[in-house]
Structures are given as structure tokens and as C-alpha cells.
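Presented below is the structure to which this report refers.
The values are calculated or read from the model by the stated rules, or taken from the named source; none is laboratory data. On a predicted model such as this, the values are computed, not experimentally measured, just so you know. With ideal geometry, Cβ positions are generated from the backbone for all residues, glycine too; neighbour counts draw on all protein chains shown. The protein model used for the area step is the full one, side chains on, heavy atoms only, and it has no ligands, DNA or RNA in it. Shrake-Rupley method; radii C 1.70, N 1.55, O 1.52, S 1.80 Å.
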Amino acid sequence: MEAIAIVGIGCRFPGADGPDAFWDLLRAGTDAITPVPSSRWEAVESDDPKAQGAGWGGFLERVDRFDAPFFRIAPREATLMDPQQRLLMEASWEALEDAGQPPGRLAGASVGVFLGVATNDYARRLLADPERIDAHTNTGAAPSIAANRLSYFYDFRGPSMAVDTACSSSLVALHLACQSLRAGESSLALAGGVNLLLSPELSLGFSRLTALSPDGRCKSFDARANGYVRAEGVGMVVLKPLSRAVADGDRIYAVIRASAVNQDGQSNGLTAPNRYSQEALLRDAYRQAGISPGDVQYIEAHGTGTLLGDPIEAQALGTVLAEGRSADQPCRLGSVKSVIGHAEAAAGVAGIIKTALAMHRRQLPANLHFETPNPYIPFDRLPLRVQTQLEDWPHPSIAGVSAFGFGGTNCHVVLTSAPEPLPATEDPAEPSARLLALSAQTPDSLAALAGDYAALVDTLPASSLGDLCHSASFRREHQDQRLAVAFTSLDDLKDKLSSFASGDALPGVAVGKRS
């Protein structure tokens, strides 16, 4: 079975705008949960026994802002688009750029789009006011359009679909994307998910289901586990067959070896998990991957921090992962929900991105809020250890990522670290000067981009300047406003970029507009 490479990432999660910021958040072990911002809805009374936990969440900033002209969307249409659609457009562009795949070169290609989308807070607002309904309302509100709009904008001709299996939506979407790549119907695929909390009704419903933590924290696998906290987020990964990614010289974050999906069927209730279905899922995934469960080093668990779900998940994992495992090599366990909350339809891709970044950086971040093991989980008899601190993760690495829909649709993905890159050929003599070419759609955004590059340059070694210039010139889509900077050193480049960003132009800087 063809392995699939993760070659690009675009994301926004609570407290983190982009994969680098997300990694910094995870590495630092920062809790991203806050009270509900006043801009979302009026505060829920914390002493209301029917609203416990509904006043907390993991929230994104500036979800009301969107560069509609960049995506060639009229202002009127943009206001009637679910902000989830807008976030997906932004994250998809960022993921393609991160992958070094200029979108213009993919037009007309069999690129697939597979997205997890489950909530519709904005659509309910639009449809509740007949006076606001017009020709753009239905496309702005329909979940299917979240995927179709991306395919339309980029002129992608591969499969294009939105998936709703609740909390497992984005992981199931990734599973379908991998199947499409292996079947040859997609040559490249975008997979991900999105979730926004724009009204209180669903939070109140989950509170009355007693699913939410009154103190607003996911205490995964801890004795204090008392529910989860809802969160927002958007995540997108660019997928490519591993053989092609290696041949194309792509940077590979991690490799998807296999994935599996099943259903709980009947359990103790519609929303109650089924341990035996989870065990069957895990065995199927590792059988397809050709990997012994005993060799798995880390599991990015569903780990919502519920009294019912955590023990069932841990028992299923412990039973399967014990097969062929040395007693002194427990599998480490964590959940991104302990940091950012439960991003629901985007939760699965959040776990994938966390694990792929950890493999790429060769470090495992901590699971937060774990103090005392849940007494209903027999950790002394299970080959599991909750990850409580940042640790090095030796290469090569093997991991699994789980997501379980609250209606019973389960998904598990098996990841391994990227193959070692080929030895670098000897570099020719360093040139005396280089040229950095940047572009953006407006003068203001070009100045902002120059400022971003100035900050980036401040973190780079001089040896990376050639790669920086190559990527900016050949692996990004070029826009109308153009900037060219001739420079001889890191400091020279930083000074010229910073000066341009602040409104000045030093010698060696040229700016113009594509005619």
C-alpha cells in the first residue's frame, strides 16, 4: 500500500496562528483556554447548573476579518459566507505555500479537497433573518460549499467533499483523501477541518448532556477528569504519495502509513463509546500499516477528559498496544485537547498536525493537566504512560492518532517519521550578492510581508539564504505588487526589509507592479 507524505501545513488554533506558532504553544505547554470573548455572545451565568462549562473555550482571534479581494470574492458575498469557509480558504493557501505548491500551477489538475465540517452557527443566524437572505445565502451556509469553494477558486478537478462524522470529521476526511491518492483519482490532496463557536446553543446542549468540564479544562486521563471544553480551529494538510514527494525533493513532515474507520454499533447509549470497536479499529490500522502495535511509541489520543470515554479508550489502547511490546517500553500518551480544547470537526487534524510537527522537530510535548492517574484506568497493568513533559523523540518514530465521533464513527491513523533526506551535494561557491523576490496583492500587504520576512530572517542562519531566495521565487504564487531586494548578508537583508516595511527604501530595493 502506497504511503502518503504530509508535505504542507496551514493552521490556526487557539493562541497560535500558523504551524510555527502552534509548535511554540505545544512546546511551551501553554494553556490556550479563556472565558468566552464578549464579542461572541453574552456571558453564560457560571452559577447556572444547566450551563456548567459553557462559559469557557479555546477561541481564535479576528474571525470576522477576511481579505475578500485576494480570493476574488465580492464584499457582499463575503459577508454572507460562513466564516468557517473563509478560514478554510486562508488555511488552504497557507498550506499550499508551506508545501511549495504555487496554486496557479495546480489549476486544472486532479487535486482533491476533503474537509471536516460539522457546526453551522453562522448559517443559523443567516437563515433566521429573512431580510438578509439573498442569492449568496445558500452557498454561504451550505457545508458542502466549504470544500467546493476551494476547488472552484483554485480550479481543482479532483474529488471535493465535506465530511460530518462529528468529532472525527477531519480525521475521516484525511482517511478519504489518502484513499483517493492511492486510487489515483487525486494527484495531490488537501485534507483538514474547521470549527467555530459563534453562538451559545450547542455549548448549552453539551453542558446539559454533562459533557463539558465545569472549570473549562480537558484533564485527559486524570482523576479530576470531568468533561471537555469546546474549541475553535482550522487545520489543513497537503498530501502527496510518498514516492512522488521524495522524487520531487519535498520537505516531508511525517508519513501516513495507513488509516482505518469503523463504527461503534450498539453500546450503552448513542453517545457512549464501544471499547471492542476501538480495539478492532486499532488492529485493522496497524495490520494495514504492516506495523506491530508493540512498536508504537506515541498515541495522540482522542482524550476528551470524560469519566466514561478516557477509561474505555485507555483500555482499548492498552490491550492492543501490549501485543509484542517489551515491558520496559511503554507507549506514551497525550491529547492536544489538554492544550487547546476540543476543536470538534477540526480535532482530528489538530492531532495530526501536532504529531507531524513533533516528528519533524523530534520532540514530544507534554499533555497538560495530568496530576493523578484516573483510578478507573489500570495504568499499572497497561503499557501506557501519559506524556507529562517535553522530551526528545528519537528518530525513526511511530505514532497513532485517534478521533471518535460522539455518534460512534471512529478513525485511527498510523504515522511514521519522514525518511532521512538524501545527502546534500557540495554547494558551489557562495555568491557575493543575492536577490530576494517578494510579492503581494496590495502595497500595504507587501509592506507587511516584508516585515514578516525581516522577522524570519532574524531567526535564520546565513547558510539558509539560498533556500530562502529559491523558495520565495519559485515555490510561492506571485501577486501584482512586486518587491526585489539585492543584498550581501543577513544583516543587509534584514535592514532593507525592515526599512521597506516602515516606509523607506534603501539602495538595492526595487518595487513595482505587474503590468
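Taking the conditions exactly as written (under 30 Å from residue 470 (Cα atoms), assigned to a loop (DSSP other than H, G, I, E, B) and not polar (S, T, N, Q)), does residue 66 satisfy them or not?
When the stated conditions are applied, residue 66 passes them.
Inspect all residues belonging to the stretch 320-328 and state whether any of them is touching a Leu at 6+ places or on another chain (Cβ under 6 Å) and of a type in the set (A, V, I, L, M, F, W, C).
Scanning the stretch 320-328 turns up at least one residue that is touching a Leu at 6+ places or on another chain (Cβ under 6 Å) and of a type in the set (A, V, I, L, M, F, W, C).
For the list (1) assigned to a strand (DSSP E or B); (2) closer than 30 Å to residue 176 by Cα; (3) open to solvent by 20 Å² or more (accessible area, probe 1.4 Å), I need the number of the one condition that residue 411 fails.
(3)
Would you mind telling me which numbered condition in (1) in a helix (DSSP H, G or I); (2) surrounded by 14 or more Cβ atoms within 10 Å (Cβ to Cβ); (3) in contact (Cβ under 8 Å) with a residue 24 or more places away in the chain residue 499 fails?
In the conditions (1) in a helix (DSSP H, G or I); (2) surrounded by 14 or more Cβ atoms within 10 Å (Cβ to Cβ); (3) in contact (Cβ under 8 Å) with a residue 24 or more places away in the chain, residue 499 misses (3) alone.
For the stretch 246-260, which residues satisfy the criterion of being of a type in the set (D, E, K, R), in a loop (DSSP other than H, G, I, E, B) and in contact (Cβ under 8 Å) with a residue 12 or more places away in the chain?
Once the filter is applied, which keeps residues that are of a type in the set (D, E, K, R), in a loop (DSSP other than H, G, I, E, B) and in contact (Cβ under 8 Å) with a residue 12 or more places away in the chain, the stretch 246-260 yields 250, 251.
Which condition number does residue 27 fail, the rest of (1) part of a loop (DSSP other than H, G, I, E, B); (2) touching a residue at least 40 places away in the same chain (Cβ under 8 Å); (3) open to solvent by 60 Å² or more (accessible area, probe 1.4 Å) being met?
Only one criterion in (1) part of a loop (DSSP other than H, G, I, E, B); (2) touching a residue at least 40 places away in the same chain (Cβ under 8 Å); (3) open to solvent by 60 Å² or more (accessible area, probe 1.4 Å) is unmet by residue 27, namely (1).
What about residue 397, is it among the hydroxyl-bearing types (Ser, Thr, Tyr), over 30 Å from residue 334 (Cβ atoms) and touching a residue at least 40 places away in the same chain (Cβ under 8 Å)?
Taking the combined requirement at face value, the residue does not satisfy it.
Could you give me the residue pairs with C-beta distances under 8 Å whose first residue belongs to the stretch 370-388 and is of a type in the set (Phe, Trp, Tyr) and surrounded by 21 or more Cβ atoms within 10 Å (Cβ to Cβ), whose second residue is at pLDDT 95 or above and in a loop (DSSP other than H, G, I, E, B) wherever it lies, and which are 6+ apart or on separate chains?
Short answer, once both residue conditions are applied: 370/219; 370/220; 370/221; 370/388.
How many of the residues in the stretch 263-279 are modelled with pLDDT of 95 or more and in contact with a His (Cβ under 9 Å, 6 or more places away or on another chain)?
Total meeting the criteria: 1.
Does the stretch 502-515 hold any residues that are under 18 Å from residue 441 (Cβ atoms) and open to solvent by 40 Å² or more (accessible area, probe 1.4 Å), and which are they?
511, 513, 514, 515
When only residues in the stretch 63-77 that are closer than 23 Å to residue 13 by Cβ and not β-branched (Val, Ile, Thr) count, which is least open to solvent (accessible area, probe 1.4 Å)?
The qualifying residue least open to solvent (accessible area, probe 1.4 Å) is 71.
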